[in-house]
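The values are calculated or read from the model by the stated rules, or taken from the named source; none is laboratory data. What you see is a predicted model; the values in this text were computed from it and never measured. For neighbour counting, all protein chains shown are included, and Cβ atoms are generated from backbone atoms with ideal geometry for every residue, glycine included.
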Amino acid sequence: MQWETVIGLEVHVQLATHSKIFSGASTAFGAEPNSQACAVDLGMPGVLPVLNEQAVAMAVKFGLAVHADIAEVSVFDRKNYFYPDLPKGYQTSQMYHPIVGPGEVEIALDDDTTKRIRIHHAHLEEDAGKSLHEDFHGMTGIDLNRAGTPLLEIVSEPDMRNAKEAAAYLKAIHSIVTYLGISDGNMAEGSMRCDVNVSVRPKGQEAFGTRAEIKNVNSFRFVERAIAFEVERQIELIEDGGKVVQETRLFDPERDETRSMRTKEEANDYRYFPCPDLLPVVLDQAYLDHLRSQLPELPAEKRERFQQALGLSAYDASVLSASRDMAEYFEEVHRVCGDAKQAANWVQGELSGALNRENLSIANSPVTAAQLGELVQRVLDDTINGKAAKEVFQGLWHGEGASADAIIEEKGLKQVTDTGAIEAMIDQVIADSPAQVAQYCDAEPEKRGKMIGYFVGQVMKASRGTANPQQVNGLLKEKLDALL
Amino acid sequence: MHDKTLTQLANALGSGELSSRELTEHYLQRIQHSGAILNSFITVTADQALEQADAADQARAKGTANLLTGVPLALKDIFCTQGIKTSCGSRMLDNFNAPYDAAVVEKLKAAGTVTLGKTNMDEFAMGSSNESSYYGPVKNPWDLTAVPGGSSGGSAAAVAAGLTPAALGTDTGGSIRQPAAFCGITGLKPTYGRVSRYGIIAYASSLDQAGPMARSAEDCAHLLNAMAGHDGRDSTSVARGVPDYTETLNAPLSGLKIGLPKEYFGEGLDPEVEKAVREAVNVFESLGATVRDVSLPHTHYAIPAYYVIAPAEASSNLSRFDGVRFGHRCDNPSDLIDLYKRSRAEGFGDEVQRRILIGTHTLSEGFFDAYYTKAQKVRRLIRQDFLDAFEDVDVLMGPASPTPAFDLGAKKDPVSMYLQDIYTIAVNLAGIPGISVPAGFVGSRPTERRPIGLQILGTHFAEAQLLNVAHQFQQTTDWHLQRPDFAEESA
């Protein structure tokens with residue numbers, strides 16, 4: 001039988017607010033356990049939550065970026081359950097009236113087409129703390145630094161049909177939230193994680209199959225792998241005459257498999273109800289307009305502009321617009337050198353290669369966009385040739401000079417374009433290579449083109465790479481042909 | 001000294017006739033002598049009180065004092081106090097010292113008041129008789145066989161017995177007004193949002209409101225001046241200016257339109273209570289007010305709606321008492337679930353467990369709409385009843401409670417206990433203010449007199465008007481100045 005996979009994602013994005021969603025405690029990552037948890041985060045008796053306006057603004061910005069309806073009135077609800085790292089015995093979330101309503105995101109597929117993934121809604125909620133099971137001699141420690149960290153949970157419609165689409169969607173969300181500056185998107189630190197809902201159905205069937213939810217997957221790669229495993233598991237199960245049960249599963253990246261965590265029967269009854277300590281959030285048009293005016297150009301718009309206005313290929317445009325850092329870097333290189341294609345080539349080629357080799361992000365690049373822009377400009381204005389340019393880049397990378405010009409000067413890489421100087425070098429090479437000259441003259445005319453390479457190499461060597469290769473080529477041909 | 005009202009004491013302090021130390025020592029002594037009999041205090045903070053009294057006397061010498069500086073007060077044990085036990089009347093918090101003061105406590109401290117101690121209360125403010133306290137029931141100083149009312153019964157009894165000039169209470173379904181009525185004192189429940197809830201251990205967040213309990217409306221006005229106001233730490237606190245509540249106390253009542261809700265004079269109302277209330281209304285007529293009958297048609301839904309909403313919120317608010325971070329933890333738990341179960345079973349008393357279970361049930365899947373959603377709709381209707389009534393009249397009057405204080409141990413059935421709050425609960429659901437003032441007695445033998453409370457209700461933020469109306473009544477009558485024999489005998 002032909003199977004179709006249906007995937008929906010719930011993405012949890014940690015918002016980059018300075019303080020927590022309902023208290024003034026800091027949200028900075030990596031502090032000593034419980035050093036960033038105030039009385040509110042500890043759920044002490046008598047304390048009350050006060051909503052962080054920054055979290056609301058960030059959620060609204062996301063909503064605007066995905067063309068969603070923003071709720072005029074949204075309400076915080078309590079989700080009640082007991083867990084040691086849930087200090088109040090409930091998590092404050094938005095169940096019935098979320099702040100962001102239906103919207104959509106466009107994802108780029110491998111075949112250069114795009115697909116729209118609908119967003120069901122996105123809501124604000126607080127994170128819980130963390131249970132620490134090691135180092136306590138059979139006991140459990142509780143770290144409440146995370147408790148109260150603002151999260152935006154973005155729930156998609158089940159619009160994805162394979163693992164690649166799911167990963168592309170996750171990347172699109174990542175790209176949007178980092179563009180907006182509402183999250184650092186650091187998946188390793190848990191700033192973004194997702195729950196994946198997966199089901200399969202016979203191709204052509206309308207009704208959804210029974211789904212399994214895979215909890216807390218925290219990398220693009222794991223999303224693909226978890227889905228791949230889960231799809232195979234479900235298909236095998238059904239084909240063997242079994243039935244998929246609705247359950248929550250965990251992905252184990254070590255063993256590359258998903259495992260059952262709890263079934264529907266074991267699920268909690270969360271007893272949601274509106275939090276009586278918080279007032280409904282009421283937003284007016286002026287506020288939305290104000291936030292809309294603060295939105296940066298978003299990845300989809302940037303991609304479009306890179307293609308239309310700068311003439312980049314769809315592939316280049318999509319790579320260069322994927323992250324805000326990358327896009328800003330590229331645009332600065334372009335601004336300095338004035339040639340989009342060359343800027344794109346250098347950013348995606350030499351720079352990205354070097355960054356990958358040393359596992360650096362573009363934000364931490366040792367070569368600044370201004371430096372690279374100047375370097376490209378020097379190629380474009382024939383100050384240096386391509387070979388020298390690579391050497392200049394290495395110099396900049398290793399901090400051997402403050403600018404491309406400084407390194408060109410320092411290393412004497414300036415391209416020689418003085419015809420007289422080049423002619424002198426050519427004459428010398430011809431004089432030093434009688435055998436090769438004889439061969440050249442004896443060769444069939446159509447083979448001479450290839451043989452000229454030897455002479456070019458010698459001249460370039462004599463110029464220590466600084467001679468203009470086109471000039472060398474032209475003059476050599478003239479001089480050799482004159483010897484025929 | 002203890003026969004004086006807070007206002008009189010404040011004036012005596014101001015004139016130098018009295019020092020705060022003298023006053024504080026006097027009340028501490030009275031608490032020491034009568035405390036064990038009444039059981040109205042859970043914690044007495046003598047050392048701190050004397051320090052505060054000395055500081056107040058110094059401030060007065062330096063000329064930096066204000067009216068309340070040096071006045072002793074007691075706090076219901078639901079207000080968090082830094083470094084001093086805040087038990088909420090529960091074993092669960094028998095070992096709990098909050099690391100902060102409630103907003104109201106901060107404000108009163110800033111005004112220079114002296115805290116004598118923390119008063120007894122129904123566990124987590126759940127009760128109408130003070131019998132659900134882990135620290136045992138409080139006795140009514142008018143008649144030691146009677147309850148003082150709940151849940152601010154410790155505060156009410158302490159004021160009535162002259163163990164403190166005034167005290168703070170909280171009112172979720174009548175817990176300031178009903179004990180004030182039972183103990184013959186004046187108690188004001190302000191508009192929801194008028195006084196910050198920050199640092200008050202929550203029972204039902206959408207209903208809880210702190211207020212003053214004292215011997216006169218004038219006393220309450222002085223206290224409300226210090227308590228009221230916006231607090232950025234409580235999202236439900238209303239950003240609205242605070243008038244000086246003492247300024248309008250003497251406004252004449254001529255032209256005042258009083259409504260008598262017919263639903264507050266029906267079945268179950270003790271005839272002697274009704275008589276006292278009607279006589280009080282006559283007093284107002286003699287002061288120039290006009291009276292008319294009004295109807296609050298959804299009144300009989302108030303108790304069922306309350307007993308859905310309050311337990312629902314309570315079941316959630318009390319989840320944090322799980323034995324993990326603070327409060328009572330059972331010995332040697334075998335695993336996490338055992339820790340939760342035994343800590344909560346041991347820490348919470350019967351009434352608290354009952355309401356947690358009711359709340360957990362009404363919020364659970366499949367019942368939520370039938371109970372909670374429905375109750376919220378009823379709540380809106382009840383609120384609208386009041387708003388409609390206040391289109392026609394300025395204030396509503398009726399009994400604070402259908403009966404005077406009942407005997408300790410008399411109400412074994414929880415539902416009959418719940419019916420005690422039949423005239424007070426709708427006020428909390430609507431969020432409007434209400435005051436109870438002494439208006440007579442049932443019984444005549446000296447140690448068996450039980451006070452009757454007149455309840456006066458106003459629209460949102462009408463505290464100044466309620467205090468004015470109550471004060472004018474107290475200028476004409478002396479019910480509020482009468483004292484139980486117990487107060488005279490003790491100390």
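Scanning segment A:262-291 for residues that are among the polar types (S, T, N, Q), free of Cβ contacts under 8 Å to residues at least 40 places away in the same chain and more than 14 Å from A:V73 (Cα to Cα) turns up just one, A:T263. The selection criterion, being crowded, with 21+ Cβ neighbours inside 10 Å, in contact with a strand residue (DSSP E or B) (Cβ under 6 Å, 6 or more places away or on another chain) and away from chain B (no Cβ under 14 Å), does not hold for A:E157. Among the residues of segment A:26-43, the ones that are aliphatic (A, V, I, L, M), in contact (Cβ under 8 Å) with a residue 60 or more places away in the chain and within 14 Å of chain B (Cβ to nearest Cβ) come to 3 in all.
Residues in segment B:301-339 that are among the aromatic types (F, W, Y), within 10 Å of chain A (Cβ to nearest Cβ) and surrounded by 22 or more Cβ atoms within 10 Å (Cβ to Cβ): B:F321 only.
Residues in segment B:36-95 that are more than 28 Å from A:V47 (Cα to Cα) and charged (D, E, K, R) were compared, and the one that is farthest from the other protein chains (Cβ to nearest Cβ) is B:K62. Remark: pairs (first residue in segment A:422-443, in contact (Cβ under 8 Å) with a residue 12 or more places away in the chain; second residue of a type in the set (D, E, K, R) and surrounded by 13 or more Cβ atoms within 10 Å (Cβ to Cβ); Cβ separation under 7 Å; 6+ apart in sequence or on different chains) = A:I426/A:K479; A:I430/A:K479; A:Y440/A:R448. Inside segment B:199-217, residues that are touching a Phe, Trp or Tyr at 6+ places or on another chain (Cβ under 9 Å) and not small (G, A, S) make up a count of 6. Residue check: B:E463 meets all listed conditions (1) modelled with pLDDT of 95 or more; (2) charged (D, E, K, R); (3) more than 17 Å from the chain's Cα centre (by Cα) but one, namely (3). Evaluated against (1) under 32 Å from the mean Cα position of the chain (by Cα); (2) crowded, with 20+ Cβ neighbours inside 10 Å; (3) within 14 Å of chain B (Cβ to nearest Cβ), A:F62 falls short on exactly one condition, (3). Listed conditions (1) in a loop (DSSP other than H, G, I, E, B); (2) small (G, A, S); (3) within 20 Å of A:P274 (Cβ to Cβ); (4) under 24 Å from the mean Cα position of the chain (by Cα) are all met by A:G43, apart from (4). Condition (residue is on the phi > 0 side of the Ramachandran plot, touching a residue at least 60 places away in the same chain (Cβ under 8 Å), within 12 Å of chain A (Cβ to nearest Cβ) and not in a loop (DSSP other than H, G, I, E, B)) applied to segment B:103-124: is it met by at least one residue? Yes, some residue in segment B:103-124 is on the phi > 0 side of the Ramachandran plot, touching a residue at least 60 places away in the same chain (Cβ under 8 Å), within 12 Å of chain A (Cβ to nearest Cβ) and not in a loop (DSSP other than H, G, I, E, B).
Every residue, every condition in (1) in contact with a strand residue (DSSP E or B) (Cβ under 8 Å, 6 or more places away or on another chain); (2) modelled with pLDDT of 95 or more; (3) within 14 Å of chain A (Cβ to nearest Cβ), yes or no:
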| site | (1), (2), (3) |
| --- | --- |
| B:G199 | yes, yes, yes |
| B:L223 | yes, yes, no |
| B:G241 | no, yes, no |
| B:L260 | yes, yes, no |
| B:D293 | yes, yes, no |
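Across segment A:248-307, the number of residues qualifying as among the charged types (D, E, K, R) and part of a loop (DSSP other than H, G, I, E, B) comes to 8.
Does A:A354 satisfy being more than 14 Å from chain B (Cβ to nearest Cβ), closer than 30 Å to A:L48 by Cβ and either outside any loop (DSSP other than H, G, I, E, B) or modelled with pLDDT of 95 or more (or both)?
Details: more than 14 Å from chain B (Cβ to nearest Cβ): yes; closer than 30 Å to A:L48 by Cβ: no; either outside any loop (DSSP other than H, G, I, E, B) or modelled with pLDDT of 95 or more (or both): yes.
Spelling it out, it is not the case that A:A354 is more than 14 Å from chain B (Cβ to nearest Cβ), closer than 30 Å to A:L48 by Cβ and either outside any loop (DSSP other than H, G, I, E, B) or modelled with pLDDT of 95 or more (or both).
For segment A:352-387, the candidate set comprises residues that are without any contact (Cβ under 8 Å) to a residue 24 or more places away in the chain and of a type in the set (A, V, I, L, M, F, W, C); within that set, the residue that is farthest from A:T178 (Cα to Cα) is A:L355. Output the residue which, of all residues in segment A:9-25 that are free of Cβ contacts under 8 Å to residues at least 60 places away in the same chain and within 14 Å of chain B (Cβ to nearest Cβ), is surrounded by the most Cβ atoms within 10 Å (Cβ to Cβ). So, considering only residues that are free of Cβ contacts under 8 Å to residues at least 60 places away in the same chain and within 14 Å of chain B (Cβ to nearest Cβ), the one surrounded by the most Cβ atoms within 10 Å (Cβ to Cβ) is A:S19.
Suppose we filter segment B:352-365 for residues that are surrounded by fewer than 22 Cβ atoms within 10 Å (Cβ to Cβ) and facing chain A (nearest Cβ under 9 Å); how many remain?
Step one: filter segment B:352-365 for residues surrounded by fewer than 22 Cβ atoms within 10 Å (Cβ to Cβ), giving B:353-354, B:357-358, B:360-361, B:364-365.
Keeping just the survivors that are facing chain A (nearest Cβ under 9 Å) gives B:360, B:364-365.
So the count comes out to 3.
Taken over segment A:51-102, the residue count meeting the criterion of being outside any loop (DSSP other than H, G, I, E, B), under 18 Å from A:E157 (Cα atoms) and free of Cβ contacts under 8 Å to residues at least 60 places away in the same chain is 2.
Close contacts from segment B:402-428, counting a first residue that is more than 25 Å from B:E448 (Cβ to Cβ) and touching a residue at least 24 places away in the same chain (Cβ under 8 Å) and a second that is surrounded by 19 or more Cβ atoms within 10 Å (Cβ to Cβ) and aromatic (F, W, Y), with Cβ to Cβ under 6 Å and a gap of 6+ residues or different chains, come to B:I425/B:Y306.
Within segment A:367-381, the presence of at least one residue that is in a loop (DSSP other than H, G, I, E, B), of a type outside the set (D, E) and under 30 Å from A:A314 (Cα atoms) is confirmed.
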